[in-house]
Structure formats: structure tokens, C-alpha cells
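Heads up, the thing below is written out as C-alpha cells.
The values are calculated or read from the model by the stated rules, or taken from the named source; none is laboratory data. Given the structure is predicted, the values throughout are model-derived calculations rather than measurements. Neighbour counts run over all protein chains shown; Cβ positions are idealised from the backbone, glycine included. What goes into the accessible areas is simple: the full protein's heavy atoms, side chains included, and nothing from ligands, DNA or RNA. Shrake-Rupley method; radii C 1.70, N 1.55, O 1.52, S 1.80 Å.
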Amino acid sequence: SEMCIRDRLYTAGFSGGSRLASAIAAVTGKVQGVIACGAGLPVNKTFTPSATLFTYVALVGDEDMNYQEMINTKEELDQHAVPNELLIYEDSHRWPPQKQIVRAFGWLELQAYEKKLRTIDAEFVKTYYESQYKIADSLAHHQHEFRAVREYKSLLRNFANYYTLDSIQTKIALLENTDVYKQEVVIRANNIKEENARYEKFSTKFTHELLRAASDDNYRWWQTEIGKLNDEIAKETNIRKIKMLKRLKYTVYAGIYESSMMFIGNEKYKHALYCDLVLVHFNPEQAYWYYRLAESLSLIHI
């Protein structure tokens, strides 16, 4: 029946497609759940999530430019009591690997049980629990305390109705009490603070020069700052700091690229040319960016 089809209707997408998947679910009210990969909710701030609208499983790599956004999206959905889960793994801004997609579908199956859309399959619950428990235990075993705590807390949220999980509570308490975990919390908070501050530096420069669509110094500032960033990434030894620096670089680059595309669409070719000249410094070894530059130059002279 139509109701049965709606009960198992899901949307999914990556990056801009992820926002579209969420928008379709929000506008139609006929989607059971959203699989959001690499980007959060629609930019339209008039949309307010509700607990009865849809379930939401998000996936993001820890080097993805939208990493912080996805964490903030989970916090927003939690505040509105929207059933949601966030899966974080080691990757950049691209479609999640198969293993993570399988995890997302498993979580959606649990939500179907919670909403009584499907009869509980005890064997599936057991198998899925064991697979997720194995991930958390492996992280703890390999001294990834912060990520292990996230996974253990996910087990509590998702399986408390099926099993007694006192041992999981104990594992979380023990890990959170270690000096390593406490230090990791501080390091991560400092990295996020630094990432935001340094992004603001790039954004301020870009906004200033974009007003007249020209560089103040023939793009020497961009060449120097991008060079420094690349050197830091190459020389840094702390893996969390490296991931932060990579996110920073990709965030700045992606914002300028999207601006270029927007200006081309609006026939503001001088502004697009400025963006493309900056982008060349992010990708000096790749021919494609010189092709874009030549295209922008030709459009100005048409």
C-alpha cells in the first residue's frame, strides 16, 4: 500500500546532494529517514527539525571540510529530540566507504523497529550489536580513547532496549577518567578553536579583495599563506593537528571554488577570474585549474 511504501522511503545524498536529501524529506513530510553524507541540513534557517518528521543518520570523514558542521548538526537534532546518529571515520570529503554505509543502514533498521515499522529481528539486532561493539573495543584497544567513548555511547543509545549494558557504562567511566582522554578533549577543543580562527583570517582576506575582484599584491599573500599551510601539513607530527590543517585548507579552497561557480552563473566574470587566480595557487600542479583560468579570461573578453 501507499502507507507501506512511505514507511520505508528514504533519501540519501553526498555534499550538496545531502542537503537536497534533507530538503526533500523536510518539504514533503513523506520520507522516513535521511542518509546525509558529508554535509548537514539545508542552509535555509527557517527549517526547524522535529522529532516526528524523519530519522537522520549522518556520515562524515574526520578530514572533511564539513566535519564541524556535522557535529553541530547532531547537537541541533539532539536539542529537537530528532532520532539521529553521526558516524565519523578516517576520510576526506567524498562518498563514505561501503563499511560505513552498511553501518548507516543497520542503524536505520533499528529505527524501523523503534517505530514499529518492522517486526524486530533478534538475530539482526545481535549481529549488528556485535559488529558495533567490536569497533568500539578495537578503538579502545588501540588507545583511541576519545573515539572509543563515542562508539560506546552510541551502543548505549541504540541498544539499551535490547540488552543490559552496565559493562558499557563502566568502560565509558573508566576511559573518561584517564589522563589521555582528558588531554584529547582539550586538544580537540583547541584544534577546533584554531581552525576557526585561521579560517577567519583567510575569509577576511578573500572578502576584502573580492570587493574589487583583484589582489592587493598580485596574489603573493595567497601564495605565501598556502605555502605555509602546505609546509605545516608536511612537517606536523600530531595526527589530530594534521587533520585540522587539511580540513582548513579544503574549507578555504572549496568556498572559493563555489564562489567562482556562482559568479560564472551570474555572469560576473571578473569576480570569477579573481577566484580562479586564487585557486591556481591551491593546485599549481594540476592543468584543470589553468584551463578554468583560461576560460574565465576568455569570458571577460567576449
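Values of log10 I(q)/I(0) for the stretch 100-185 across q = 0.11, 0.15, 0.23 Å⁻¹ run -0.33, -0.58, -1.10, by the Debye formula with one identical scatterer at each alpha carbon and no solvent. Straight-line cross-link partners of residue 228 among the lysines, defined as a Cα under 17 Å from its Cα and at least 8 positions apart when in the same chain: 201, 205, 241, 243, 246, 249. Heavy-atom accessible surface of the chain, averaged per residue, reaches 54 Å², computed with a 1.4 Å probe.
Rg of the Cα atoms in the chain, relative to 2.2 N^0.38 Å, amounts to 1.16.
Label-to-label distance, residue 130 versus residue 178, with points set 7 angstrom from Cα along the beta-carbon direction: 2.6 nm.
Within the listed set 284, 96, 49, the Gaussian network model of the chain (springs between alpha-carbon atoms below 10 Å) gives the highest mean-square fluctuation for 284. Treating each Cα of the stretch 140-257 as an identical point scatterer and summing with the Debye formula, the log10 of I(q)/I(0) at q = 0.15, 0.17, 0.18 Å⁻¹ comes to -0.79, -0.90, -0.95. Scaled against 2.2 N^0.38 Å for its residue count N, the alpha carbon radius of gyration of the stretch 141-188 is 1.19. Hydrodynamic analysis of the stretch 199-282 uses the Kirkwood radius over alpha carbon pairs. Inserted into Stokes-Einstein at 10 °C and 1.306 mPa s, it gives a translational diffusion coefficient of 119 µm²/s. Once the Cα-Cα distance is subtracted from the 0.36 nm per residue extended length, the residue 157 to residue 120 segment shows a gain of 11.6 nm.
Fully extending the segment from residue 43 to residue 280 would add 82.5 nm, taking 0.36 nm per residue of separation and subtracting the current Cα-Cα distance.
Label zone of residue 164 (point 7 Å out along Cα→Cβ, amide N under 16 Å): in the stretch 110-144 this covers no residue at all. For the stretch 9-53 and the stretch 92-118, compute the distance between their C-alpha centroids and round to whole Å. The two parts, judged by their Cα centres, are 15 Å apart. The radius of gyration of the Cα set in the stretch 1-92, together with its Dmax, comes out at 12.7, 43 angstrom.
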